Amino acid sequence: MSILEAWSSGGVDLQRTNIKIAFRTNNTIYNQLTHKTHKTDEYTQSWVYELTCPDCNKAYVGQTERSFLVRYSEHKQAFRNNSHASKVAQHLVEQAHSFGTIHNTMQVLHYQKKSAHLNRVERYYIHVEFTASNHLNNRTSFPM
Ligand SMILES: [Zn+2]
């Protein structure tokens, strides 16, 4: 059982055990999109992704059932419109930080078929960033 599975099943209390989760995939979007074995079916696949602020490295974790490019564009649109629909955009506007390119800001954290489990996976990664004081997510509302 992986630490992720253990956490998802409630078998590990990260806050109590203070386990430092340091692993992170090195899968870039480019790799995901070009990887031959990952044929993306956008109607049955979901992704947990991370957007990183290029200026301060704070991270936002979200999930999408659509393509990264679409989701990236939505965040960027929110940034341009000074919209609070995106926590990332809100951060960038408030801090006067820059919106990076899709290649240097957006990263695949997890990839799997759509399921309730995906919400747990997303919350797990949000938790990881939260414990690292590196989060942009508003934990009281479900992120965009
Ligand atoms: Zn920033």
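If r is the Cβ-Cβ distance from Leu69 to Thr131 and R0 is 22 Å, what FRET efficiency results, to the nearest 0.05? Kindly include the intermediate steps, with their values, before the conclusion.
Details: r = 30 Å, r/R0 = 1.37.
Plugging the Cβ-Cβ distance into 1/(1 + (r/R0)^6) gives 0.15.
Amide hydrogen proximity for Phe99: with H placed 1.01 Å from N in the peptide plane, no residue at 5 or more positions away or on another chain lies under 5 Å.
Coordinate range of the alpha-carbon atoms in region 64-131 per principal axis, descending: 34, 28, 22 Å. With R₀ fixed at 35 Å, the C-beta to C-beta distance from Arg80 to Ala116 puts the FRET efficiency at about 0.55.
At a 10 Å Cβ-Cβ cut-off, how would you order Tyr111, Tyr60, fewest neighbours first?
Working: Tyr111 18, Tyr60 27.
So the ranking, lowest neighbour count to highest, is Tyr111, Tyr60.
The numbers here are math on the coordinates, done by the rules we state, and not lab data. What you are looking at is a predicted structure, and each value in this text was computed from that prediction instead of being measured. Virtual Cβ from ideal backbone geometry, glycine too; neighbours counted across all protein chains shown.
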